[in-house]
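Here's the structure we're looking at; comments come further down.
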Amino acid sequence: MKKIKTLVVAAATVVLSGCGGGDILTGVLGGLTGTDGNTISGLGNVIMSVLGANQVSEAGLVGSWRYTNPGVAFTSSNVLAQAGGEVVAQQIENKLLSVYNSVGIKSSNTYFTFAQNKQFEGKLLGTGLSGTYTYDPSSGAINMKTALLGININGYITGTTNGISLLFEGKKLLTLLQTVASLSGNGTLSAIGDLSTNYNGLRMGFDMSR
């Protein structure tokens with residue numbers, strides 16, 4: 001087991017050092033190893049932070065999913081490395097958490113249920129959503145068509161160690177949340193727009209578990 005962990009850490013070292021980011025490499029590996037030298041959970045996060053690294057089958061998507069934390073993923077392993085990997089992802093997740101908390105996003109008011117018959121229902125910020133969905137497991141692309149103000153929710157599904165992430169391009173996430181926030185009386189969410197401008201090649205949204 002230790003041999004496998006060593007090989008994976010070595011692979012991460014090669015990828016990140018190839019970007020010329022010595023400080024980035026130190027920061028990332030500092031989050032991957034504990035004081036006893038054993039690899040900890042951060043390593044799995046680096047691997048999972050690329051869209052498509054862990055595909056979710058159609059059958060695996062079926063069921064109910066509740067929001068647990070902000071979700072972030074890079075569009076490719078190259079972007080992951082260039083951006084500084086899990087260090088940047090963690091920073092963005094922390095900023096998203098502050099925004100989500102400020103508008104009241106929590107597991108009790110943000111969840112989705114996907115049925116085998118391609119119907120879905122759920123809530124986002126307490127606003128009820130329902131309709132039909134299409135899903136492509138090979139790309140992770142999901143389209144949820146809802147009658148609410150004619151919204152089409154286009155995003156991506158990727159697997160995590162604890163469930164799935166439902167992710168969006170930054171501007172689409174901002175538009176979606178602003179729409180539902182206006183229905184519930186919340187203000188604008190410009191901070192998400194700022195994040196999407198500052199970090200290209202990222203998808204942001206929600207980590208969800210059963």
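Structure notes:
- For the stretch 58-179: lysine pairs under 15 Å (alpha-carbon distance), excluding those fewer than 8 apart on one chain: 4
- Accessible surface ranking that places the most exposed of K123, K106 first, with a 1.4 angstrom probe: K106, K123
- Ordering Y67, Y111 by accessible surface, largest first, gives Y111, Y67; the 1.4 Å probe counts only protein heavy atoms, with every chain in place.
- Cα centroid separation, the stretch 154-173 to the stretch 60-107 (Å): 8
- The stretch 101-201 - Rg over Rh from alpha carbon coordinates, Kirkwood radius: 0.95
- Global form of the stretch 44-171, assessed from the alpha-carbon gyration tensor, a/c cut-off 1.5: oblate
The values are calculated or read from the model by the stated rules, or taken from the named source; none is laboratory data. Quantities reported herein were computed from a predicted structural model and do not represent experimental measurements. The accessibility values were calculated without ligands, DNA or RNA, using every heavy atom of the protein model including side chains. Shrake-Rupley method; radii C 1.70, N 1.55, O 1.52, S 1.80 Å.
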